[in-house]
Amino acid sequence: MLYAFIEEWYGFCNYITRKKILYENIFLWNEIIMKQRAKQYLLISFAVLLGLSTENIYGSEGKVSASYLYTLSNFAGILPVSWAGVSVDESRDEVYVIPGQAIKIFDNRGMEVYSFNEAGDIPGVVDIAVDDEGNIILLADAQREIIRCNYRGEPISKMELKNLPPGFAGFFPNRVFFRKGSFYFASLRTLRVIVTDRAGLVIDSYDIASLIELDEKDRMDADIVGFSVDREGNILFTMPAMAKAWVLSPDKQVSSFGQSGSTAGKFGVMAGIATDASGKYIIVADTLRCVVMVFDRNFKFQTEFGFRGLEPDNLIGPQQLAVDNKNRLYVAQLRNRGISVYQITITS
């Protein structure tokens, strides 16, 4: 319900932009109401950006910057998808996109080179990861199955989660990452994460609600939207209702940052989160403000880019993020604008 409202609001804002209407004395009213025992929150936002320029007026305040490269495409043009799932295969320099039932693979130039599951033989795929042997791991939520496929996308086996810890009964993930020989499976609905070996044997687990000292009665009211695992095994996630981003280390130390607001470096409605390839910077998408923000590891704001607009380097409702080994950032967004790709550059 929240994101449906936001998408409608973007349509109105784009109408305003096309008509070149400048509104003065416009304010942002952004109040989030969380209700106990109810998994929803109501966003009441009334905002129009002053000025019609699509430039990033803030620029880089630190040692990191971003430049638009291209949007993922095929021979028919830009792939017109909204809020598609996106995952990178760092070993092979490929990108996987889940725009619906089909799974599409793109090369390092942003062109589609292969696709599978067009007929939906594996229904309800919600996320994907590729291990270092080239096996494709699919989370099939409709069947509550974890399916291992070969490089052609042909199913070869099913992975069973073994040795689940107490309190994880019925656990089924909707996000998956492969890092250093281990799988990280996350259930964003229940705020739980497990780490397994290649065979699905649990070797570690995280009860996020407990680690961030969230009351049990509030567990089902809290929503994780952005989630990722960096190359060192740190878990990153965003909780828009709290206007905070969190970093959870492998030894279960927790830190957070963020402040609600409509100015540079503050959060409207947070979404995807990731780190750059070096691990020096944390990147956060803001769906409402239509920007991607960059913070250093001390959580100091560095820069933001994108901004609502219709030019190629603009963004409309950015959500999921992914970063490859060459520091290319992939941003899923609304309005069938596809997956925009930016080059993250770090200077000394």
In segment 201-226, what count of residues is obtained for those that are modelled with pLDDT under 90 and either of a type in the set (Lys, Arg) or part of a helix (DSSP H, G or I) (or both)? 6
Give segment 116-131 a look and list any residue that's within 20 Å of ALA186 (Cα to Cα) and of a type outside the set (Val, Ile, Thr), or say none. PRO123, GLY124, ASP127, ALA129, ASP131
For segment 72-86 the number of residues that are part of a strand (DSSP E or B) and over 13 Å from LEU334 (Cα atoms) is 5
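For every residue, the table says whether it meets (1) farther than 26 Å from GLN343 by Cα; (2) touching a Ser or Thr at 6+ places or on another chain (Cβ under 7 Å).
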{"position": "LEU214", "(1), (2)": "yes, no"}
{"position": "GLY226", "(1), (2)": "no, yes"}
{"position": "ALA243", "(1), (2)": "yes, yes"}
{"position": "VAL254", "(1), (2)": "yes, no"}
{"position": "GLN259", "(1), (2)": "yes, no"}
{"position": "MET270", "(1), (2)": "no, yes"}
{"position": "CYS290", "(1), (2)": "no, no"}
{"position": "ARG297", "(1), (2)": "no, no"}
Check on ARG231, more than 22 Å from ALA322 (Cα to Cα) and among the charged types (D, E, K, R): no
Among the residues of segment 277-289, is there at least one that is hydroxyl-bearing (Ser, Thr, Tyr), touching a helix residue (DSSP H, G or I) at 6+ places or on another chain (Cβ under 8 Å) and more than 21 Å from ASN108 (Cα to Cα)? yes
In segment 128-139, is there at least one residue being within 19 Å of the chain's Cα centre (by Cα) and at pLDDT below 95? no
Among the residues listed as ALA285, ALA241, the single one being within 27 Å of ARG192 (Cα to Cα) and at pLDDT below 95: ALA241
Every residue in segment 257-270 that is over 21 Å from ARG175 (Cα atoms) and either in contact (Cβ under 8 Å) with a residue 40 or more places away in the chain or small (Gly, Ala, Ser) (or both), please. PHE257, GLY258, SER260, GLY261, SER262, ALA264, GLY265, GLY268
Counting only residues that are modelled with pLDDT under 95 and small (Gly, Ala, Ser), segment 177-198 contains a total of 0
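The values are calculated or read from the model by the stated rules, or taken from the named source; none is laboratory data. Model, not experiment: these values are computed from the prediction. Positions of Cβ are backbone-derived with ideal geometry, glycine not excepted, and every protein chain shown enters the neighbour counts.
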